[in-house]
């Protein structure tokens, strides 16, 4: 991640993106005027003219990313946690899980999404690269900043960017040369103009009045509720916004936290979870009112000093997982209400990303490792394996079913994608079978 000779000194200058702060802190200053027309460079890019790769952590607009100051020397204070229920069993790393690596020198990988055999990767080069069968398939680029979030709904792809914009793209199999085309932004230009002319639509953001319909800092996270046709976006401007996918309308904007929103997830039973740099995880209840919606805060399930960096939900088992800058993963179980189940302790540095699938939950960290956990009978978790191979912090994860292979006795297997600030994506095959406890050791 750093050049030889400067690694230790550089690491001491690194500071986690919205993970070590309690005061509001914002990224690169955004444009005060909205872009009201399609940008000329929002298009399919030519491989022969790929943007140059940067060695440092840059936003793509020449400014430094907050990741330029990462606290890689801050160990996790395990002994400070009062929760020790979860199993600390940690087997050695299993390289046999690794299928392959995807490397393209375009920048640090900040976001991933997998759907229908395609993998989408976003980086600080502003490009979204598309992979198929571990091979370069296609790609498209935007004039917005680095790609912090990607979600897929049918043939639409939504991307959240450092400059506060949400781009909407559409895939067309008929156009083999340029299968991806940008079809708009959120909010739409016409909705933003209407809001601009309405004095009642203005709110105060950083000592100036602006239309509420738009994010005014980095869009850090996106989540879909496919059943309800809703898209949720969270931002460093401390708000969550609710969008109706069918017509791109912004239905609601909520000042959700006292600091940057780092993660948002549409959960089970109409619940929406938000995690923030203010150290809190909040639970919101959705109520649909005709063509609009209303989200009400019903519970704050976590309030701590360490920033919340990632939230994931296992809807089938009604479990909520939260990763934070102290290296811990808290989890809650849905009984009559949400009840804290314990803490997973497997990382030495900040947890940066989470993903849940089947009975498994995956945690990626600034310590460059991925822990694979399985929930067992009784509610505790066992660490099945620790996946190592990245040489930089693991920033994002995506998982989908392995449709080619099935494990012993019908065991479900999963394909896990991990994106890192080492500019690579690694692809892993992971099963749910419990390991032989005789081969495990305690830490």
- Query: Given the conditions (1) crowded, with 17+ Cβ neighbours inside 10 Å; (2) more than 22 Å from residue 395 (Cβ to Cβ); (3) free of Cβ contacts under 8 Å to residues at least 60 places away in the same chain; (4) in contact with a strand residue (DSSP E or B) (Cβ under 6 Å, 6 or more places away or on another chain), and given that residue 292 satisfies all but one, which numbered condition is not satisfied?
  - Reply: (1)
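How about segment 147-184: which of its residues are part of a loop (DSSP other than H, G, I, E, B) and crowded, with 16+ Cβ neighbours inside 10 Å? Talk me through it step by step, then tell me what you get.
Here is the first cut: in segment 147-184, the residues part of a loop (DSSP other than H, G, I, E, B) are 154-155, 162-165, 172-179.
Result: 162, 163, 164, 165, 179.
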- Task: Could you please find all residues in segment 387-402 being part of a loop (DSSP other than H, G, I, E, B) and buried (at least 24 other Cβ atoms within 10 Å of the Cβ)?
- Result: 390, 393
- Query: Out of (1) crowded, with 20+ Cβ neighbours inside 10 Å; (2) closer than 20 Å to residue 248 by Cα; (3) at pLDDT 90 or above, what's the single condition that is false for residue 142?
  - Reply: (3)
- Filter result (under 17 Å from the mean Cα position of the chain (by Cα) and within 15 Å of residue 154 (Cα to Cα)) within segment 198-250: 223, 224, 225, 231
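Taking residue 85 as the residue in question, decide whether it is buried (at least 20 other Cβ atoms within 10 Å of the Cβ) and either in a strand (DSSP E or B) or modelled with pLDDT under 85 (or both).
Taking the combined requirement at face value, the residue does not satisfy it.
Being modelled with pLDDT of 85 or more, over 15 Å from residue 117 (Cα atoms) and more than 17 Å from the chain's Cα centre (by Cα) is the filter here, so list the residues in segment 389-411 that pass it. If you could, list the steps in order and put the result at the bottom.
Filtering segment 389-411 for residues modelled with pLDDT of 85 or more gives 389-402.
Then drop every residue that is not over 15 Å from residue 117 (Cα atoms), which leaves 389-397.
If the condition is that a residue be modelled with pLDDT of 85 or more, over 15 Å from residue 117 (Cα atoms) and more than 17 Å from the chain's Cα centre (by Cα), then 389, 390, 391 are the ones that fit.
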- Query: Can you name the condition, by its number, that residue 336 falls short on among (1) part of a loop (DSSP other than H, G, I, E, B); (2) buried (at least 22 other Cβ atoms within 10 Å of the Cβ)?
  - Reply: (2)
- Close pairs (7 angstrom Cβ cut-off, 6 or more residues apart or separate chains): within 13 Å of residue 211 (Cα to Cα) in segment 177-200, modelled with pLDDT under 90 and part of a loop (DSSP other than H, G, I, E, B) anywhere: 189/36; 192/34
- Query: Can you pull out the residues in segment 310-325 that are under 18 Å from the mean Cα position of the chain (by Cα) and not in a strand (DSSP E or B)?
  - Reply: 315, 325
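The values are calculated or read from the model by the stated rules, or taken from the named source; none is laboratory data. Note that the structure is a prediction, hence the values are computed from the model and not measured. With ideal geometry, Cβ positions are generated from the backbone for all residues, glycine too; neighbour counts draw on all protein chains shown.
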